[in-house]
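Participant: Below is a structure I'd like to ask you about.
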Amino acid sequence: MKYGIIGRNGRMGNEIYNLFSEKNYELVFSYDNTGENYIEKPDVLIDFSLPEVFEKTIEYVDKFHCPLIIGTTGLTEEHIKKLHEVSQYVPVVQSYNFSLGVQVLLKLVKMANELFGENVDIEISETHHRFKKDKPSGTAKMIKEVIGKDVNISSLRLGNVPGDHTIYFGNLGEVISISHRALSRRTFAEGVLKSAEFALKAVAGYYTFKDVFEITMNGRK
Ligand code: NAD
């Protein structure tokens, strides 16, 4: 695979580059705050940058006419709408969390939410490294969406934590907490790798990591 990274010199850009190199996939294009580095047209573009880079990303997708994997958080509704437009002619995989464990977490939260019903207090807590720009995290927003209620999110910004999320369900007699901890950014890079391999074979359309997870992991069933 020949691929490009937007956000190449960032924390995620480095992690993705290291993992893809282990597979002998070739970085042929990059763009970050040091500028552009073009060797040849990529088969797939990966964006882990900032929302302010979004328009440039769309320009590159149009130019290369290739699939896009986008993990940048803090996107606006307009950005998501634009991704849907682009997905009419190329595959787009968008997710605020590319880890396998968070897909499992979302299923557990959905189940707990349904089993507890109405008479329960629900709180979400997320902790990330001090450099994270957006708050609350995209993952916390995904969890809130699964719960489908106006749930409070507490955000902590501490040291170098890659990403912790806990969801509490409490009634007058008991509390259940469901937690996920990313031990390193490699887990996100692995999801990006699966998504890139998936997108290369996919028809144009809008996909999330949930789709990639269900299509590729269900293959094991
Ligand atoms: P980072 O700050 O380390 O990297 C940001 C990258 O964007 C850098 O390469 C930087 O050069 C580039 N950039 C910033 N401003 C730019 C500009 N104006 N023009 C060109 N390039 C610019 O951040 P990170 O920790 O690598 O995270 C990147 C994004 O990925 C964030 O939005 C983060 O929340 C998100 N993230 C998503 C997941 C997921 O699974 N979806 C996981 C981790 C991080």
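Bear in mind these aren't lab numbers, they're just calculated from the coordinates by the rules spelled out. Since this is a predicted model, take the numbers as computed values, not measurements. All Cβ positions, even for glycine, are placed from backbone atoms using ideal geometry, and neighbour counts span all protein chains on display.
Participant: Mind sorting Phe29, Phe64, Phe98 by how few other Cβ atoms lie within 10 Å of their own Cβ, fewest first?
Facilitator: Going from least to most buried by this count: Phe64, Phe29, Phe98.
Participant: Karplus couplings for the stretch 162-170 from phi (6.51 cos²θ - 1.76 cosθ + 1.60, θ = phi - 60°), rounded to Hz, Gly and Pro as x?
Facilitator: Once rounded to whole Hz, the list reads x, x, 10, 9, 10, 10, 9, 10, x.
Participant: Before anything else, pin down the relative contact order of the stretch 24-163: Cα pairs under 8 Å, at least 6 apart, normalised by residue count, whole percent.
Facilitator: With pairs under 8 Å counted, the relative contact order is 18 percent.
Participant: I'd like the orientation of helix 77-86 relative to the chain: the angle between its Cα long axis and the longest Cα principal axis, in ° from 0 to 90, rounded to 10.
Facilitator: It is inclined by approximately 50 degrees.
Participant: Rounded to the nearest 0.05, what FRET efficiency do His84 and Arg11 give with R0 = 25 Å and r taken as the Cβ-Cβ distance? Could you check?
Facilitator: With R0 = 25 Å, the Cβ-Cβ based efficiency is 0.35.
Participant: Largest first and to the nearest Å, give the Cα extent of the chain along each principal axis.
Facilitator: Largest to smallest, the principal-axis extents are 62, 39, 34 Å.
Participant: Relative to the longest principal Cα axis of the chain, at what angle does helix 100-116 sit, 0 to 90 degrees, rounded to 10?
Facilitator: Here the helix axis deviates by roughly 30 degrees.
Participant: Would you mind checking the tilt of helix 186-201 against the longest principal axis of the Cα atoms of the chain, expressed as 0 to 90 degrees and rounded to 10?
Facilitator: Once rounded, one gets 60 degrees.
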